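One structure is given below, encoded as structure tokens.
The values are calculated or read from the model by the stated rules, or taken from the named source; none is laboratory data. Values in this document were obtained by computation on a predicted structure and should not be read as measured data. Virtual Cβ from ideal backbone geometry, glycine too; neighbours counted across all protein chains shown. The accessibility values were calculated without ligands, DNA or RNA, using every heavy atom of the protein model including side chains. Shrake-Rupley method; radii C 1.70, N 1.55, O 1.52, S 1.80 Å.
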Amino acid sequence: MLKDLVAKNRSYRRFFEDEKISSDQIKEWIDLARLGASGRNAQTIKYKIVLSDKMRDNVFQQLAWAGYLQDWAGPEKGERPTAYVVMINDEGLGKNYFSDDGIAVQNLLLGAVESGYGGCIIHAFKKKELSELLKIEEGFSIIQVVALGKPKEKVVIEEMKDGDIKYWRDEKGVHHVPKRSIDEIILEEL
């Protein structure tokens, strides 16, 4: 069951934009992030939830989408995320958040997938502009943006060929994600 959720938890970049997500639902997923492990138990990560149409449009303009898909500028109107969760480090609690962001976002996205939604972790954004837009105060810094919605695309995992790590889309719009084999990633059994 967990393996199925993990396999289904892909980077979805196209959504049914008219399928809204409630604030309460997102708070449940953030609660899963909150319950995860935290380096030194410092719990420095905070969140901003973006739901309004205007703010979502403004946030969208600050993001870059799918670097390997050179001919694609991101989802078009009607396929854009219905919500964003912006992960922010509270530097007053600690400048080093260790691996907390990865643990937190994985928990959040597994909750989304379990609920029939999906998302994409975005590190490519205009930091200054997004910080100003979201009124990020001094002493806080944006770590990443999580785009959320009801997936409108099919994403499949396949075995990597010839060391090519680049994801791609076929003529039907199916998104293919190559993964290294288990034998390749295990270096040694002692």
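From the list LYS152, LYS161, the one residue that fits, being farther than 20 Å from GLY36 by Cβ, open to solvent by 20 Å² or more (accessible area, probe 1.4 Å) and either touching a residue at least 24 places away in the same chain (Cβ under 8 Å) or of a type in the set (A, V, I, L, M, F, W, C) (or both), is LYS152. The residue that is surrounded by the most Cβ atoms within 10 Å (Cβ to Cβ), among those in the stretch 164-189 that are of a type in the set (D, E, K, R) and farther than 30 Å from PHE15 by Cα, is GLU184. Regarding the stretch 89-101, can at least one residue be identified that is open to solvent by 10 Å² or more (accessible area, probe 1.4 Å), under 26 Å from GLU137 (Cβ atoms) and in contact with a Lys or Arg (Cβ under 6 Å, 6 or more places away or on another chain)? Yes, the stretch 89-101 contains at least one residue that is open to solvent by 10 Å² or more (accessible area, probe 1.4 Å), under 26 Å from GLU137 (Cβ atoms) and in contact with a Lys or Arg (Cβ under 6 Å, 6 or more places away or on another chain). In the stretch 19-34, the residues that are more than 16 Å from SER52 (Cα to Cα) and open to solvent by less than 40 Å² (accessible area, probe 1.4 Å) form Cβ pairs under 7 Å with partners that are modelled with pLDDT of 95 or more and not in a helix (DSSP H, G or I), at six or more places apart or across chains, as follows: ILE30/TYR47; ILE30/VAL85. Before we move on, is HIS123 touching a Phe, Trp or Tyr at 6+ places or on another chain (Cβ under 8 Å) and either under 23 Å from ILE21 (Cα atoms) or surrounded by 17 or more Cβ atoms within 10 Å (Cβ to Cβ) (or both)? The answer is no for HIS123.
Filter the stretch 122-142 down to residues that are part of a loop (DSSP other than H, G, I, E, B) and not acidic (Asp, Glu) and give me whichever is nearest to TYR68 (Cα to Cα). Result: ALA124. What do you reckon, is GLY119 assigned to a strand (DSSP E or B) and modelled with pLDDT of 95 or more? So GLY119 fits the description; yes.
Looking only at residues that are hydrophobic (A, V, I, L, M, F, W, C) and open to solvent by 40 Å² or more (accessible area, probe 1.4 Å) in the stretch 126-149, which one is farthest from ASP57 (Cα to Cα)? Here the answer is PHE140. Considering only residues in the stretch 52-85 that are at pLDDT 95 or above and acidic (Asp, Glu), the one that is most open to solvent (accessible area, probe 1.4 Å) turns out to be GLU76. Over 10 Å from the mean Cα position of the chain (by Cα) and part of a loop (DSSP other than H, G, I, E, B), is that true of GLY94? It is true that GLY94 is over 10 Å from the mean Cα position of the chain (by Cα) and part of a loop (DSSP other than H, G, I, E, B). One residue is enough: does the stretch 101-112 have a residue meeting the conditions assigned to a loop (DSSP other than H, G, I, E, B) and at pLDDT 95 or above? Within the stretch 101-112, not a single residue is assigned to a loop (DSSP other than H, G, I, E, B) and at pLDDT 95 or above.
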